[in-house]
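Below: one structure, written as C-alpha cells.
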C-alpha cells in the first residue's frame, strides 16, 4: 500500500474482515479509511480495486463487491498466483474489467524487508485490466509480463518449488549440521556461502550443468551412506531428488 501511495495512487478505502488481520491492518494503515464487510462505508468512486485475500475467499469477496458497489469502468484485480480472472466473473457481469496481478516474490512477515524493485509480475485478464496491471507494475518498479490463464497453475507451482523447497531444505540442513557430536559446533553461518554459491550457479545455468556433488557424479555409494545418515523424513526427500536428477541428468542443457 505504501509503495502504491508513493507512486502517486490515492487510497480511498481499505476493506477488511473482522479479526486479528483487520486489527493489524488498522495499525499498519493508520490514517487511511478502513471499514469491514459487516459495516461498510459508502463505496467511493474509484478506478482500481485490488482484492488481496486467500484464494478460497476471492469469489465471495467478488460477489459482495459486485452486489454493493457501482463497478462500471472500474478495473478489479486479484493477487492470486494460482487462480485466473474467472474468479471475478460477478464483477465482470457488474461492469468491471477484471484480471489477476501476481508479484513473483515472497513476502514474509516482519521483521524481514523485501524489495519490490525488479520483481517480475504475472498479469492476466481483460485487455483494460492488463493495461492497468502492467502500468501499476511499472510504477512500482516491477517487470510485468502477460500470462495465459491456463498457464497459471504450472507457473504458481514452479514459484512454490523455487521459494518453498530451498527454505525447508536449508532449515533442515542447518538443523542436521548442528546435530554433530564432534569437538565443537560449526559456525552459525557455515552453510551460507555454500547455499549462496549453489543458488547463484543454479540461476545462471540453463539446466543441471552447474550441479556438483555425488548426485552430479552418479556416486551411488556416497548417496547410500547419506541416506543411512539422514532421518527418514529427510532421506525420503533426498531420495526423490536423487531420482529426479538421475532421470534428467542427460538433459544438462534445456532448449
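So is residue 206 at pLDDT below 90, in a loop (DSSP other than H, G, I, E, B) and either farther than 30 Å from residue 83 by Cβ or more than 24 Å from the chain's Cα centre (by Cα) (or both) or not?
no
Would you check if there is a residue in segment 179-190 being in a helix (DSSP H, G or I) and out of contact with any helix residue (DSSP H, G or I) (no Cβ under 9 Å at 6 or more places or on another chain)?
Step one: filter segment 179-190 for residues in a helix (DSSP H, G or I), giving none.
No; the residues of segment 179-190 include none that is in a helix (DSSP H, G or I) and out of contact with any helix residue (DSSP H, G or I) (no Cβ under 9 Å at 6 or more places or on another chain).
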Residues 103, 108: which one is surrounded by 14 or more Cβ atoms within 10 Å (Cβ to Cβ) and either touching a strand residue (DSSP E or B) at 6+ places or on another chain (Cβ under 6 Å) or over 20 Å from residue 46 (Cβ atoms) (or both)? 103
Scan 237, 195, 201, 223 and give me the residue that is in contact (Cβ under 8 Å) with a residue 60 or more places away in the chain and surrounded by 13 or more Cβ atoms within 10 Å (Cβ to Cβ). 237
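The values are calculated or read from the model by the stated rules, or taken from the named source; none is laboratory data. Keep in mind it's a predicted model, so treat the numbers as computed, not measured. Virtual Cβ from ideal backbone geometry, glycine too; neighbours counted across all protein chains shown.
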